[in-house]
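The values are calculated or read from the model by the stated rules, or taken from the named source; none is laboratory data. Predicted model only: the values in this text are computed from it and were never measured. So basically every Cβ, Gly included, is an ideal-geometry build from the backbone, and we count neighbours across all protein chains shown. To get the accessible areas, we keep the full protein, side chains included, count just its heavy atoms, and leave off ligands, DNA and RNA. Shrake-Rupley method; radii C 1.70, N 1.55, O 1.52, S 1.80 Å.
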Amino acid sequence: VRRMIEIRQKQNGKVLLQVDADTLAGHLFVQSRLPGADFSGQDLAGADFQSADLRETNFEGATCIGANFQSAGLQGANFDGAKLLRANFTDAQLDGARFVEAVMHQSIMRYARMPEGIMTGADLTKSDLTMAELHGNLNEAILTGANLQAADLSGANLTGANLTNANLFEAKLG
């Protein structure tokens, strides 16, 4: 039995989108305009949000395994506690985004821009952050085996971060 899934704005409860499906896993949201949407707790595995407007969107506790956020506008988005294994954030705008305790193994964040944001305790094991701009709070982040080649980490808080076997070749620190 299929059901109607409603995506609402977190702030005012307004319905932004109705999807006639059992799950949002694998759904195409390419170039969608969904600022402030509430996807908290949803199964979004394999969903495609490429070039979507997702400013201030709530993905708290969502399962986004293999989801594509390439070139998406995610300013102020909340991914706290989300499962983002192998998610693609290439060239995404992440200013002010939150990834507290997010599990992001093998995620791709090449050229992602996060001049301010919070990744406290995020697990980015073996993730690719080549040439990413990350100036926010990465304290206690797990960056074991991560590729941070030519990443700009100037001004980032890396207190207690685990950088074991991370590639920091040509990375900007300090």
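Quick look at the values:
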read-out: Protection proxy ranking, peptides 154-160, 105-111, average beta carbon neighbours within 10 Å, highest first; value: 105-111, 154-160
read-out: Relative contact order of region 66-122, pairs being alpha-carbon contacts under 8 Å that are 6 or more residues apart, as %; value: 35 percent
read-out: Listed peptides 81-87, 20-26 by packing density, highest first (mean Cβ within 10 Å); value: 81-87, 20-26
read-out: Sequence-distant residues sharing a close amide H with Ser127 (under 5 Å, placed H); value: Gln106, Ser107, Ala146, Asn147
read-out: Heavy-atom accessible area per residue - region 1-156, 1.4 Å, Å²; value: 42 Å²
read-out: Within a Gaussian network of the chain (alpha carbon springs, distance under 10 Å), most fluctuating of Gln149, Gln93, Gln75; value: Gln149
read-out: Rounded Å value of the spacing that divides the Cα centres of region 114-139 and region 18-90; value: 18 Å
read-out: Shape call, region 22-89: gyration tensor on alpha carbons, a/c limit 1.5; value: rounded
read-out: Rh (Kirkwood; distinct C-alpha pairs) - the chain, Å; value: 15.8 Å
read-out: Histogram of C-alpha separations across region 80-174, 10 Å bin width, %; value: 21, 62, 17, 0
